[in-house]
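Chemist: One structure, pasted below without further comment.
The values are calculated or read from the model by the stated rules, or taken from the named source; none is laboratory data. Quick caveat, the model's predicted, so the values are computed rather than measured. Reconstructed Cβ throughout: ideal geometry from the backbone, glycine too, with neighbour counts over all protein chains shown.
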Amino acid sequence: AQRVTQPEKLLSVFKGAPVELKCNYSYSGSPELFWYVQYSRQRLQLLLRHISRESIKGFTADLNKGETSFHLKKPFAQEEDSAMYYCALINYGQNFVFGPGTRLSVLP
Amino acid sequence: DGGITQSPKYLFRKEGQNVTLSCEQNLNHDAMYWYRQDPGQGLRLIYYSQIVNDFQKGDIAEGYSVSREKKESFPLTVTSAQKNPTAFYLCASTPRAGGLQPQHFGDGTRLSIL
């Protein structure tokens with residue numbers, strides 16, 4: 001069965017420190033992976049997707065098929081990065097599968 | 001200004017009452033989705049609709065019902081059979097079903113029990 005796990009419910013880092021939000025998935029095919037972010041009082045929005053290979057707001061994510069991981073990284077965290085982050089996957093003909101989410105708190 | 005509009009923002013339900021959450025989109029998207037968001041559980045799919053006049057159960061459809069009479073609208077009814085309805089409900093859409101496009105989300109409706 002398709003599954004997305006995010007082992008950390010809450011991750012706290014200090015401003016300027018590197019941050020890595022972990023995401024692992026179980027899926028037999030080659031899904032497309034996404035990171036969604038939900039800032040306080042804002043709607044859930046797409047942060048980045050694997051196929052785009054972009055860096056958004058300083059965040060990057062590398063797909064590691066061997067480890068079935070899609071960790072989200074940023075070298076220097078900012079206070080405005082504090083939010084809820086969801087990892088998600090989808091494949092052709094299937095519905096999205098979301099992870100449980102990680103709340104990132106960037107401390108001043 | 002295209003997007004997804006959910007209303008109301010906050011909704012209260014009495015015991016034994018059915019309530020309906022509205023979701024409207026002007027993105028001309030074919031597919032629409034309803035999720036329930038609970039702390040620590042992420043988003044769980046309630047119902048989805050790939051096209052007008054068609055909808056399918058998601059992972060947690062019991063106690064909910066939907067309709068898709070118009071492309072723009074996908075209302076969700078939380079029935080009295082749903083014993084734990086207190087949650088944040090999110091509506092989403094994609095241009096078409098079955099592809100790899102990201103989902104667009106509304107602002108959500110928070111449902112509470114009186």
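Chemist: Within the stretch A:9-46, which residues are of a type in the set (D, E, K, R) and over 30 Å from B:Q6 (Cβ atoms)?
Modeler: Those that are of a type in the set (D, E, K, R) and over 30 Å from B:Q6 (Cβ atoms): A:K15, A:E20, A:K22.
Chemist: Scan the stretch B:62-98 residue by residue and report those that are farther than 18 Å from B:V19 by Cα and surrounded by 15 or more Cβ atoms within 10 Å (Cβ to Cβ).
Modeler: Listed by number, the residues that qualify are B:K71, B:E72, B:A92, B:S93, B:T94, B:A97, B:G98.
Chemist: Tell me which strands (runs of 3 or more DSSP E) are completely within the stretch A:9-108 and hold 1 or more residues being crowded, with 16+ Cβ neighbours inside 10 Å and either over 13 Å from the mean Cα position of the chain (by Cα) or in contact (Cβ under 8 Å) with a residue 40 or more places away in the chain (or both), or say none if there are none.
Modeler: Answer list for the stretch A:9-108: A:10-14, A:19-21, A:24-26, A:32-38, A:69-74, A:83-90, A:102-107.
Chemist: Next question. Considering only the stretch B:10-58, state which residues are within 16 Å of B:P85 (Cβ to Cβ) and either in a loop (DSSP other than H, G, I, E, B) or of a type in the set (V, I, T) (or both).
Modeler: B:K14, B:E15, B:G16, B:Q17, B:N18, B:V19, B:T20, B:P39, B:Q41, B:I46, B:G58
Chemist: Do you know which of the residues in the stretch B:46-55 that are within 17 Å of B:Q101 (Cα to Cα) and not hydrophobic (A, V, I, L, M, F, W, C) is farthest from the other protein chains (Cβ to nearest Cβ)? Steps first, answer last, please.
Modeler: Narrowing the stretch B:46-55 to residues within 17 Å of B:Q101 (Cα to Cα): B:48-51.
Those left that are additionally not hydrophobic (A, V, I, L, M, F, W, C): B:48-50.
Numbers: B:Y48: 6, B:S49: 12, B:Q50: 10 Å.
The selected residue is B:S49.
Chemist: Under 8 Å between Cβ atoms, at least 6 apart or on separate chains: pull out the pairs that start in the stretch B:22-45 with a residue that is within 9 Å of another protein chain (Cβ to nearest Cβ) and end on any residue that is in a strand (DSSP E or B) and of a type in the set (D, E).
Modeler: Listed by first residue and then by second, the contacts come to B:R44/B:D38.
Chemist: Here is a further query. Just to be sure before I move on: is B:S112 surrounded by fewer than 20 Cβ atoms within 10 Å (Cβ to Cβ), over 21 Å from A:T102 (Cα atoms), at pLDDT 95 or above and not acidic (D, E) in the structure I sent?
Modeler: no
Chemist: Okay, next question. What number of residues in the stretch B:57-80 are touching an Asp or Glu at 6+ places or on another chain (Cβ under 7 Å) and small (G, A, S)?
Modeler: Of the residues in the stretch B:57-80, 1 are touching an Asp or Glu at 6+ places or on another chain (Cβ under 7 Å) and small (G, A, S).
Chemist: Here's a follow-up. Using the structure shown, decide if B:D107 is modelled with pLDDT of 90 or more, farther than 20 Å from A:Q45 by Cα and either touching a strand residue (DSSP E or B) at 6+ places or on another chain (Cβ under 8 Å) or surrounded by 15 or more Cβ atoms within 10 Å (Cβ to Cβ) (or both). Outline the logic, then answer.
Modeler: Details: modelled with pLDDT of 90 or more: yes; farther than 20 Å from A:Q45 by Cα: no; either touching a strand residue (DSSP E or B) at 6+ places or on another chain (Cβ under 8 Å) or surrounded by 15 or more Cβ atoms within 10 Å (Cβ to Cβ) (or both): yes.
The answer is no for B:D107.
Chemist: Are any of the residues in the stretch A:8-20 farther than 22 Å from A:P108 by Cβ and of a type in the set (A, V, I, L, M, F, W, C)?
Modeler: no
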